[in-house]
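Input: a single structure, listed below in structure tokens.
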Amino acid sequence: MADLDAYPDTTAPRVVLVEDDVDLRELLAHCLSSQGLTVATAGSGLELYQQIAKEPADIVILDIGLPDQDGYTIASFLRANTNMGLIILTARSRVDDRLKGFTSGADLYFVKPVDCRELAIATINLARRLATSPEAGEAQTLQPTSSSEPWMLDSSRWSIHSPRGLPVRLTAKEFDLVVALTQEPGRAVDRTELLEKLDYANTVQGSRGLDALVSRLRRKIEAAVGEAFPIQTVHAKGYLFSAPIKQL
């Protein structure tokens, strides 16, 4: 059996528990904490993105049925853009659901109800494996990079610099989009607000234009600097810039 006291408080694996059921979230968080884990909680995909933008985690325990974004989509994003361990915890028990979970990038898949001690041991073991993997020591951040530096926005040159210092020139519309998303760090900006700020009509066509702009900008920056650009889609809301950023 894994030694639940193997991690002193200062080095305990940091876990973000994502669960929209308040009672279950509090119960699991208390139980996991009592087993020696450092636990933060989130009730939605947006809260998760805000949590890990402020402070990286070792493991994310993720419910699938969240109010703002499909859990499988979140799992795919985390797997593509971070080195964090991922445990899916859900009531969905069908084989097809399990396969979809693992295909989306889950390391482990638990079906509710779950014994908290079993979940804690599995979490600690996963954290140990990740700590001794070849990728250990790399930042567990939203960007696949070992740098802890923020993105930098240069207003005088209409450019953005990656955490590694690589600059990318932006068009006027791209620059306005980044400014709109980063005026209040960690806040999801409503689609209607973005349409207005970027001079798109509040129509289906205007909304498609906004989505196309975001998609092009993601591809452009990823191709230029070799790492994902952290603009996150927030279901039924808009977009969120989910990483630290500073003005030059």
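The values are calculated or read from the model by the stated rules, or taken from the named source; none is laboratory data. These numbers come from a predicted model, not from an experiment. Cβ atoms come from the backbone with ideal geometry, glycine included; neighbour counts cover every protein chain shown. To get the accessible areas, we keep the full protein, side chains included, count just its heavy atoms, and leave off ligands, DNA and RNA. Shrake-Rupley method; radii C 1.70, N 1.55, O 1.52, S 1.80 Å.
Tabulated values for the structure
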{"quantity": "By average C-beta atoms within 10 angstrom, highest first, the peptides 225-236, 55-66", "calculated": "55-66, 225-236"}
{"quantity": "Label assignment, Cα Rg over 2.2 N^0.38 Å derived from the structure, set (1) 1.06; (2) 1.35; (3) 0.99", "calculated": "(1)"}
{"quantity": "Calculated [θ] (222 nm, deg cm²/dmol) that DSSP helices of n ≥ 4 give over the chain, each run adding -39,500 (n - 2.57)", "calculated": "-12500 deg cm²/dmol"}
{"quantity": "Long-range amide H partners of A40 with built H, under 5 Å", "calculated": "V15, V16, L17"}
{"quantity": "Cross-link pairs K220/K246; K54/K173; K100/K237; K54/K220; K173/K220 - those with Cα-Cα distance over 22 Å", "calculated": "K54/K173; K100/K237; K54/K220"}
{"quantity": "Mean accessible surface per residue for the chain, computed with a 1.4 Å probe while every protein chain stays in place, in Å²", "calculated": "49"}
{"quantity": "Burial ranking of peptide ranges 185-196, 12-23 (average Cβ count within 10 Å, highest at the top)", "calculated": "12-23, 185-196"}
{"quantity": "Computed label-point distance, nm, for sites K197 and K173 using a 7 Å Cα→Cβ extension", "calculated": "1.7"}
{"quantity": "Accessible-area composition of region 57-134, carbon plus sulfur, in percent [1.4 Å probe]", "calculated": "54"}
